[in-house]
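Nothing in this text is a laboratory measurement; each read-out follows from the coordinates by a stated rule. Since we're looking at a predicted model, the values are computed, not measured. Every residue, glycine as well, gets a Cβ built from its backbone with ideal geometry; the counts of neighbours run over all protein chains shown.
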Amino acid sequence: MARQDERSATTQARILAAARTLFLGRPYADVTTDMIARAAEVTKGGLYHHFPSKEQLYVSMMLGDLEGKRKLFEEAVDMGGTCRERLARLTRDFLDLPDEESGLMRLVRRDVNTFGGEDRDRLVRAYQRALPEQVEAIVRDGIRNGELAPADPRLLSWSFVALVEIVIGDYAARVLGDAETRLDHVLGLFFEGAETVPAKVMA
């Protein structure tokens, strides 16, 4: 029985890996269960044994990935240090993700409106728990400790996430270069803004 469970888990992992590659490379509607089964080297019946539909397979894939990200980013929430240091750790962890891993985060925005009802709600909640709520916890501490001006922590957290999502794009990577430079860019905009220091007026 244990060996059968192990084989089943291995097959399921192979299906999820194949699906991940396909969904990252094509629009959701263009990926079929036939394509996933072929890529995973399983029969279509074998695929349906583990995942009754393409929708359930996609949701399972995304929920598993987002839960892993939540645990990773939560380490920055739980560490000691200033608000800036903790946001730097979380952002560095995000920017250091392999391309495929960061690509999966972007799939939520791309595909969420493909789903309705409970599946859509589950995906949105999983994304919120994985990233914005982690940032919000750090920002809330920063406001309480006087490191940030009083403001709505949720709004600030979404603003910070938006900055981070901009610097993972191809254009920002070309302009800013490596992850540390992009990290400095995000932190600088969030904490100091884009205003230049005005020159002193000569008396």
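How long are the three semi-axes of the equivalent ellipsoid for the chain, computed from the Cα gyration tensor as the root of 5 times each eigenvalue, in whole Å, largest first?
Calculated on Cα positions only, the semi-axes equal 40, 18, 15 Å.
Compute the distance from the alpha-carbon center of region 119-181 to that of region 27-71, in whole Å.
28
Give me the number: length gained by fully extending Leu176 to Thr82, i.e. 0.36 nm times residue separation minus the C-alpha to C-alpha distance, one decimal in nm.
31.3 nm
State, to one decimal in nm, how far the label point of Arg92 lies from the label point of Thr10, with both points 7 Å from Cα in the Cβ direction.
Those two pseudo-labels are separated by 3.8 nm.
Taking the number of other C-beta atoms within 10 Å as the exposure measure, put Met105, Met62 in order starting with the fewest.
Lowest to highest Cβ neighbour count: Met105, Met62.
Would you mind getting me the FRET efficiency between Ser53 and Ile166? Use the beta-carbon distance for r and R0 = 30 Å, nearest 0.05.
Numbers: r = 34 Å, r/R0 = 1.15.
For Ser53 and Ile166, the calculated efficiency is 0.30.
In what order do Val167, Val112 fall by count of nearby beta-carbon atoms within 10 Å, going from fewest to most? Don't skip to the end; give the middle numbers.
Working: Val167 21, Val112 15.
Exposure proxy ranking, most exposed first: Val112, Val167.
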